[in-house]
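This report concerns only the one structure given below.
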Amino acid sequence: MKQRILVTGGAGFLGSHLCKRLLNEGNEVLCLDNFYTGNKENIIELMSNPYFEVIRHDITFPVYLEVDQIYNLACPASPIYYQRHPIQTNKTSISGAINVLGLAKRLKIRVLQASTSEIYGDPTVHPQTEDYWGNVNCTGIRSCYDEGKRCAETLFFDYHREVGVDIRVARIFNTYGPNMAINDGRVVSNFIVQTLSGKDITIYGDGSQTRSLCYVDDLIDGLIKLMNTESVHQPINLGNPQERSIKQLAEEIIELTKSQSTIIYKELPEDDPMQRCPNIDRAKQLINWKPEIDFIDGIEKTIQYFKNKLFEN
Ligand code: NAD
Ligand code: UDP
């Protein structure tokens, strides 16, 4: 059945893929975005679809719409962007959550929160399961994002317990793919753009910190499955458990792009988590999801995307 679905942050990296998938599945999509880190280029191919609407709006202010489902993705996800305006980042997570939850309460509809592995902070439990409470600094430079997202989760669970809102909470681990911005600043886009343009590759710290990288198509599958599975009122980790060090990632990208770039080492930013890897048993069990796309396939598609972007003119 065709549903009318609101995607906040719909012009961003994940949001644009989600809008496209939901439209392809026969839904009507309302894409709400203030274009802080999002880009019209990401959704331009969707604009001619009469079932796609763009709403320029800041989710820290209330929104009055009639929809059947909400995916709440609005929030800058790249450290350099969420740290540039930390107060706004916090407001986006917290006031944004209150606004989408209020909408869901009035309309009696389901709402999914794009939460994050950052709620585990610099984890002391490895790999991270959903029942781990995390190791988070509340006064550091990453706190605007980490604590904002933690508070948003609290609000989701309180709206569920107190007034019965039908919530879904996805804890998303590092995801990569086409539609990441060239100047996004996250590791995969930085390394690919640097290798393709012959610039030095910037490793922060000694590169021994780890991340587990999920290709965007797998992640979008997970979000849609979570949204459409009944009664999953607990947080669900979504990510690819294949863990690699940042140094290994740099070497792999140099090899795949056949680049002459050299690695340079820069200072590790404050509170940068040392290891991160999801335990996805709960996602397997409750929503029958696991990532399917091989890292090399995913990274090659991403390299091709950035080649087209960088050299298209
Ligand atoms: P992104 O920065 O590409 O997209 C975020 C979108 O939200 C952008 O289009 C931006 O303009 C919009 N936005 C920001 N503040 C807003 C506001 N106040 N009102 C309306 N729109 C606003 O990031 P992304 O990678 O697509 O991440 C999407 C969501 O998923 C975020 O909530 C992020 O925290 C979460 N997440 C992403 C990852 C990942 O690896 N990509 C990992 C964990 C969590
Ligand atoms: N990183 C790096 N060089 C870069 C960008 C990032 O070494 O040019 C490191 C960063 O310090 C972190 C990891 O790569 O340890 C992932 O960073 P990203 O910003 O992608 O996401 P995070 O998981 O830290 O939010």
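Worth pointing out:
- Of the helices (runs of 4 or more DSSP H) lying entirely inside region 1-114, those carrying at least 1 residues that are within 16 Å of ligand 2 (Cβ to nearest atom), without any contact (Cβ under 8 Å) to a residue 24 or more places away in the chain and closer than 26 Å to ILE182 by Cα are 79-84.
- Residue in region 62-72 that is surrounded by 19 or more Cβ atoms within 10 Å (Cβ to Cβ), within 28 Å of TYR204 (Cα to Cα) and among the aromatic types (Phe, Trp, Tyr) present: no
- Subset of region 115-127 that is within 16 Å of ligand 2 (Cβ to nearest atom) and among the hydroxyl-bearing types (Ser, Thr, Tyr) - its residue that is nearest to ALA152 (Cα to Cα): SER115
- Residue match in region 250-263 (condition: over 27 Å from ALA114 (Cβ atoms), of a type in the set (D, E, K, R) and within 12 Å of ligand 2 (Cβ to nearest atom)): no
- Qualifying residues in region 186-201 (those that are open to solvent by 20 Å² or more (accessible area, probe 1.4 Å) and either farther than 19 Å from LYS247 by Cα or of a type outside the set (A, V, I, L, M) (or both)) - the one farthest from ligand 1 (Cβ to nearest atom): GLY198
- Search result, residues across region 103-138 that are over 30 Å from TYR64 (Cβ atoms), of a type outside the set (Ser, Thr, Tyr) and surrounded by fewer than 15 Cβ atoms within 10 Å (Cβ to Cβ): VAL125, ASP131, TRP133, ASN135, ASN137, CYS138
- Tally, over region 264-298, of residues that are within 16 Å of ligand 2 (Cβ to nearest atom) and open to solvent by less than 70 Å² (accessible area, probe 1.4 Å): 12
- For LEU65: the one exception among (1) over 23 Å from PHE157 (Cα atoms); (2) more than 11 Å from ligand 1 (Cβ to nearest atom); (3) in contact with a strand residue (DSSP E or B) (Cβ under 8 Å, 6 or more places away or on another chain): (1)
- All of (1) without any contact (Cβ under 8 Å) to a residue 24 or more places away in the chain; (2) in a loop (DSSP other than H, G, I, E, B); (3) not acidic (Asp, Glu) hold for ASN137 with one exception: (1).
- Residue check for ASN237: polar (S, T, N, Q) and under 15 Å from the mean Cα position of the chain (by Cα): yes
- Search result, residues across region 139-171 that are buried (at least 24 other Cβ atoms within 10 Å of the Cβ) and within 12 Å of ligand 2 (Cβ to nearest atom): TYR145, ASP146, LYS149
- Top-ranked residue in region 240-263 [being acidic (Asp, Glu) and away from ligand 1 (no atom under 16 Å from the Cβ); ranked as surrounded by the fewest Cβ atoms within 10 Å (Cβ to Cβ)]: GLU255
The values are calculated or read from the model by the stated rules, or taken from the named source; none is laboratory data. Bear in mind that the values here come from a model prediction, so they are computed numbers and not experimental data. Glycine gets a Cβ as well: all are built from the backbone with ideal geometry, and neighbour counts include every protein chain shown. To get the accessible areas, we keep the full protein, side chains included, count just its heavy atoms, and leave off ligands, DNA and RNA. Shrake-Rupley method; radii C 1.70, N 1.55, O 1.52, S 1.80 Å.
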